[in-house]
Amino acid sequence: MRAVLALATLLGLCFLTPEIAAAQTPDSTSVPPASADLGAVDSTAVDSTAAKTSASSRSRSVAGRAKHMVKSFASDVGYVVVSPTRLRGRGIVYTAAAVGATVALYGYDNEIRRGFFRSRGNALYDDAITVGDKLEKVGFMGKTWPYWVGGALVGTAFKIHPLQGLCLDVIESHLISGGVRNIAKLAIGREHPFEAERASFFKHGTSAPSGHTSVVYEIATVATRHTHGMPTPVRIGVGVTTYGIATCIAMQRVDSNSHWPSDVFLGGVSGAVIANTVVNRNNERREKDGLTAGGPRLTPWIDATGTPGVALAWSF
């Protein structure tokens, strides 16, 4: 049971990742204190500039929106891929800690997995696994795409900006994290527990990192970040609930013999970090465009033949 609690604790630490990263991310819209010496800023000019930027975003053609969408998405992908080269100070420490924890878990994968099996029958453990079993499909992108797309459409149609932004941030996080994760799976080639008693690398396996765990931690991170500005009890409630469910699903992946403990830890951390990056960058775009819901968004339109449609666009 101690091995199980240790893994659950490590996975729960992923809850801290968004808050740490958010605290380190500079506010692109803030003004340095020294600027006060430069004289008063003409608020009319600032409002005029913001209005022009927002109007420009709304007046783009369908082709223009598509171009901006692709360019912005590619920018985010590039930002994530080269992010290791920007590590400084605490970022290096946190990365080293995550890598060290993954390596340590790898060394005890079999022992921890057997600890999970021995814990069956414990009421708390069984309850956690039951939650994971019932919600395991949330971690399968193929099952949840319609809900996120539907939520984005509803948010756009009824101008529910929080719903629109949350759903589109989740979609983008899934796309970027899924690409990174699939490349990692091919490169690592680790076998699943049901394929080999002792995991080995470069065997054409797809066990590491865990896709289900990555997906649910992406959702938890986006949901928690979108509570910014809400009352503290709401933020804590959403965080504890979403990350708690994500941890139950991660534990289920080990209990069901689908993944090794180090696989789910690596998936959880990578998913949380990438999702947090996506939210940060889209928030910067929203502030830049002066939109209550910017970044990726769905915009209704009608083409030259009168056929209605929806354009998916990322502002940057």
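Any residue at all in segment 61-75 that's among the polar types (S, T, N, Q), surrounded by fewer than 13 Cβ atoms within 10 Å (Cβ to Cβ) and at pLDDT below 60? Within segment 61-75, one or more residues are among the polar types (S, T, N, Q), surrounded by fewer than 13 Cβ atoms within 10 Å (Cβ to Cβ) and at pLDDT below 60. Can you confirm whether Asp133 is in contact with an Asp or Glu (Cβ under 9 Å, 6 or more places away or on another chain), assigned to a helix (DSSP H, G or I) and over 22 Å from His212 (Cβ atoms)? So Asp133 fails the test. Within segment 120-133, is there a residue that is surrounded by 12 or more Cβ atoms within 10 Å (Cβ to Cβ) and over 30 Å from Thr227 (Cα atoms)? So far as segment 120-133 goes, yes, one or more of its residues are surrounded by 12 or more Cβ atoms within 10 Å (Cβ to Cβ) and over 30 Å from Thr227 (Cα atoms). The residues of segment 168-213 that are free of Cβ contacts under 8 Å to residues at least 60 places away in the same chain, touching a His at 6+ places or on another chain (Cβ under 9 Å) and surrounded by 14 or more Cβ atoms within 10 Å (Cβ to Cβ), listed by number, are Gly189, Glu191, Gly205, Thr206, Ser207, Ala208, Ser210. Contact map, segment 139-160: first residue modelled with pLDDT of 90 or more, second residue part of a loop (DSSP other than H, G, I, E, B), Cβ cut-off under 7 Å, separation 6 or more or different chains; pairs are Val154/Ile160. All conditions in (1) at pLDDT below 95; (2) in a helix (DSSP H, G or I); (3) in contact with a helix residue (DSSP H, G or I) (Cβ under 7 Å, 6 or more places away or on another chain); (4) farther than 24 Å from Gly244 by Cβ hold for Asn110, with the sole exception of (3). The sole residue among Ser207, Ser173, Ser214 that is hydroxyl-bearing (Ser, Thr, Tyr) and farther than 21 Å from Met251 by Cα is Ser173.
Under the condition of being in contact with a His (Cβ under 9 Å, 6 or more places away or on another chain) and among the hydrophobic types (A, V, I, L, M, F, W, C), the residues counted in segment 223-265 number 5. Condition (residue is in a loop (DSSP other than H, G, I, E, B) and closer than 30 Å to Arg113 by Cα) applied to segment 209-216: is it met by at least one residue? Scanning segment 209-216 turns up at least one residue that is in a loop (DSSP other than H, G, I, E, B) and closer than 30 Å to Arg113 by Cα.
The values are calculated or read from the model by the stated rules, or taken from the named source; none is laboratory data. Everything numeric in this text was worked out from a predicted model, so none of it was measured. Cβ atoms come from the backbone with ideal geometry, glycine included; neighbour counts cover every protein chain shown.
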